[in-house]
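Have a look at the structure below, then the notes.
The values are calculated or read from the model by the stated rules, or taken from the named source; none is laboratory data. Here the structure is a predicted model, which means the values were calculated and not measured. As a convention, Cβ positions derive from the backbone with ideal geometry for all residues, glycine included, and neighbour counts pool all protein chains shown. We work out accessible area using only protein heavy atoms, side chains counted, and drop any ligands, DNA or RNA first. Shrake-Rupley method; radii C 1.70, N 1.55, O 1.52, S 1.80 Å.
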Amino acid sequence: MRDDDGPQRRVNLRSALREAFRHALECLAADGVVAIAPDEIDGLVDQVRETADAKFGDYSGTMAMALAKRAGKKPRDVATDIARHLAAAPGFAELFESPGDPVGPGFINVRVRDDALAAAVARAVADDRMGVAAVESPQTVVVDFSSPNVAKPMHVGHIRSTVIGDAIARILRFRGHHVITDNHLGDWGTQFGMILWGWKHCRDDAAFAADPTAELGRLYRLVRKVADAKPEELASDSVAAALAAAHPEAGREVLLETAKLHEGDPENRALWEQFMPVCRAEIDRIYDRLHVTFDHWLGESFFQPMLAGVVEDLVRAGLARESRGAIGVFLGGDDEPPFLVRKADGAFLYATTDLATIRWRLEHWKPDRMLYVVDHRQGQHFEQLFETARRWGLPGLENVDLVHVAFGTVLGEDGKPFKTRAGDTVGLEALLDEGVERAAAVVGSGDEARAGMGDDERRHVAETVGIGAIKYADLSQNRTTDYVFSFDKMLQLTGNTAAYMQYAVARVEGIFLRGGIDREALRRGCSAVRLSDPKERALAIELLRFGEALEDVESDARPNVLTAWLYDLAGSYSAFYDSLSVLKAEGPDRDSRLALCDLTGRILRRGLDLLGIGTVEKM
Ligand code: ARG
């Protein structure tokens with residue numbers, strides 16, 4: 001089956017059931033049993049969820065309790081009414097068994113019909129999209145993520161935005177949205193003042209010729225110490241100390257270099273143009289290793305020519321005004337800090353660039369939604385940004401969802417912000433190297449699968465497992481909480497880790513390798529699966545929930561919903577595989593079980609791929 005074979009062939013069971021509940025609630029309201037406002041219905045049908053225990057059926061609706069309370073009726077009576085309308089809802093009976101009597105205080109439990117389930121799984125087996133329907137109304141979604149300040153080495157803090165943003169972009173794309181990813185590089189900030197000053201006062205030409213990235217990194221770190229002039233930092237660095245002694249005004253001069261760059265000074269501009277490709281090469285290397293790409297790289301510098309116009313416009317609109325020489329937007333009362341768009345010295349700010357960016361994206365991309373995957377510490381910035389943009393009245397913005405997809409801090413195992421033993425921030429590249437090195441120790445510890453691996457393959461496996469571990473550990477956290485970075489935990493082969501999930505994929509692959517099975521033929525020939533054992537049925541229903549999990553990731557931009565679901569799927573698969581024979585099964589059972597294995601393997605692999613995580617055949 002191809003994509004154009006029509007959505008009616010792909011069934012999202014939960015959506016279908018929610019639609020049936022919608023119908024039932026509308027009937028209930030029309031009968032005058034309970035008053036339900038039309039705009040309440042979405043919230044009520046969203047209360048149809050999967051059950052925690054299969055003995056209560058597959059899905060359960062819980063809205064009867066609250067509705068009964070408001071109408072002063074018995075919950076069970078209201079539930080019985082809903083269930084009656086549900087059974088008569090269009091399309092319900094084809095997919096679901098007639099709901100029995102409500103359970104407990106008014107739970108309406110629903111079970112998927114076995115024949116409908118078997119047919120849906122068989123269709124998913126033959127489907128490129130594994131049964132996942134695309135959204136009915138695709139949106140244009142801009143995902144602004146990673147966006148590091150270049151010319152400083154990338155550190156562990158950058159991994160969260162990069163990994164979470166990439167996963168969200170992949171998932172939304174698979175759901176059928178038009179996704180535009182944009183790396184809003186910090187390529188115009190004060191860090192360039194440091195490098196410019198360093199270049200003019202203490203560069204090492206030979207070192208730059210040999211390794212430009214390393215030399216710029218050295219200049220950045222050195223000049224930061226000189227400009228900050230903190231005695232404790234200078235005490236341990238004689239080169240910095242000597243420079244600081246020779247240039248007591250370094251801090252001010254660094255700021256001046258930035259200002260000159262912004263004013264268009266030809267020398268600084270030319271140097272900036274020389275430095276940028278070097279900075280790009282540095283971060284590109286990391287993106288290559290992470291397999292992360294972007295559609296656009298519209299960094300802060302791109303928007304510079306528009307900033308004066310933005311400020312003028314805001315002033316003309318009566319939104320921004322002067323205060324002590326600076327210009328700001330006063331969103332709250334006069335005592336609340338304004339959203340500054342121009343400093344007293346004339347310089348524009350992060351805020352100004354972000355406003356220009358919103359206007360530009362609106363004009364050029366016409367998005368329905370913009371997601372900013374950025375550290376939670378920038379929460380106030382985004383609140384003020386969104387509020388200012390709304391009041392600005394940009395045409396079309398009233399229909400755009402602006403969302404700050406915030407995430408917490410990366411902590412070390414001591415619960416403090418993650419640092420090296422020497423107290424420095426951890427460089428991202430060194431971190432990736434260590435992950436891969438540690439993974440090599442895990443995958444290299446030798447059972448028969450590994451004996452057949454050459455050096456190249458072993459390196460590839462270690463890279464896939466090591467990088468996967470780092471990504472998965474991040475993605476499987478609730479993004480809004482801080483998370484503790486632990487190589488030991490993330491590389492464990494059991495529990496909800498990438499290694500465990502990758503191993504699950506390799507186990508499924510192993511079946512087909514051992515059995516010499518032609519998977520294409522298996523998929524083509526699969527007309528129905530047999531679900532006579534409860535473990536087969538449990539696996540089948542889990543497989544059909546892939547689309548539901550992706551839908552839930554989207555609604556709150558939370559990739560951890562997908563990792564949790566994949567882990568559950570791996571559990572249902574293990575329960576199935578450990579108790580039923582597959583290759584040794586007979587006749588139609590064998591093909592049916594192989595089809596379930598095939599679909600499980602593909603969904604696990606695709607699920608990991610949507611998280612940006614690779615898989616291997618053996619590990
Ligand atoms: N460069 C910023 C930083 O490192 C993040 C930019 C996020 N994106 C945005 N449009 N503000 O903090």
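Details
- The residues on offer are D556, D568, and the sole one that is surrounded by fewer than 21 Cβ atoms within 10 Å (Cβ to Cβ) and within 19 Å of V48 (Cα to Cα) is D556.
- Qualifying position, being of a type in the set (S, T, Y) and within 16 Å of the ligand (Cβ to nearest atom), among S323, S301: S301
- Among the residues of region 226-244, those that are hydrophobic (A, V, I, L, M, F, W, C) and either open to solvent by less than 80 Å² (accessible area, probe 1.4 Å) or touching a strand residue (DSSP E or B) at 6+ places or on another chain (Cβ under 8 Å) (or both) comprise V226, A227, A229, L234, A240, A241, A242, L243, A244.
- The condition (being part of a loop (DSSP other than H, G, I, E, B) and open to solvent by less than 50 Å² (accessible area, probe 1.4 Å)) is satisfied by just one residue among G415, G435: G415.
- Leading residue by the ranking (farthest from the ligand (Cβ to nearest atom)) among those in region 338-359 that are of a type in the set (S, T, Y) and open to solvent by less than 10 Å² (accessible area, probe 1.4 Å): T352
- Among residues of region 304-320, those that are of a type outside the set (V, I, T) and either within 16 Å of the ligand (Cβ to nearest atom) or farther than 22 Å from W360 by Cα (or both), counted: 3
- Close pairs (8 angstrom Cβ cut-off, 6 or more residues apart or separate chains): under 17 Å from Y372 (Cβ atoms) in region 146-160, within 8 Å of the ligand (Cβ to nearest atom) and of a type in the set (S, T, N, Q) anywhere: S146/S161; S147/S161
- One residue stands out in region 463-488 among those that are among the β-branched types (V, I, T) and in a helix (DSSP H, G or I): the one that is surrounded by the most Cβ atoms within 10 Å (Cβ to Cβ), namely V465.
- For the residues G61, G57, the requirement of being closer than 18 Å to D101 by Cβ, in contact with a helix residue (DSSP H, G or I) (Cβ under 8 Å, 6 or more places away or on another chain) and either open to solvent by less than 10 Å² (accessible area, probe 1.4 Å) or not aromatic (F, W, Y) (or both) singles out G61.
- Those residues of region 324-337 which are at pLDDT 95 or above and open to solvent by 30 Å² or more (accessible area, probe 1.4 Å), in sequence order: none
- Any helices (runs of 4 or more DSSP H) falling wholly within region 527-619 and containing at least 1 residues that are touching a Leu at 6+ places or on another chain (Cβ under 6 Å), of a type outside the set (S, T, Y) and within 21 Å of L13 (Cα to Cα): 534-543, 546-556, 587-610
- Every residue from region 382-425 that is β-branched (V, I, T) and more than 16 Å from the ligand (Cβ to nearest atom): T420
- Some residue of region 370-381 being of a type in the set (S, T, N, Q), more than 16 Å from the ligand (Cβ to nearest atom) and either more than 20 Å from W188 (Cβ to Cβ) or in a strand (DSSP E or B) (or both): no
- Meets criteria (away from the ligand (no atom under 16 Å from the Cβ), open to solvent by less than 10 Å² (accessible area, probe 1.4 Å), assigned to a helix (DSSP H, G or I) and at pLDDT 95 or above) for V121: yes
- Qualifying residue in region 313-323 (condition: without any contact (Cβ under 8 Å) to a residue 60 or more places away in the chain, under 30 Å from D345 (Cα atoms) and crowded, with 16+ Cβ neighbours inside 10 Å): yes
- Where helices (runs of 4 or more DSSP H) sit wholly within region 211-295, those with at least 1 residues that are modelled with pLDDT of 95 or more occupy 212-228, 238-246, 250-263, 266-290.
- Just one of the numbered conditions (1) more than 24 Å from the chain's Cα centre (by Cα); (2) away from the ligand (no atom under 16 Å from the Cβ); (3) of a type outside the set (V, I, T) is not true of K366: (1).
- Breaking point among (1) of a type in the set (A, V, I, L, M); (2) within 16 Å of the ligand (Cβ to nearest atom); (3) assigned to a helix (DSSP H, G or I); (4) open to solvent by 10 Å² or more (accessible area, probe 1.4 Å), for I180: (3)
- Test: residue in region 76-86 that is assigned to a loop (DSSP other than H, G, I, E, B) and either aromatic (F, W, Y) or open to solvent by 60 Å² or more (accessible area, probe 1.4 Å) (or both): no
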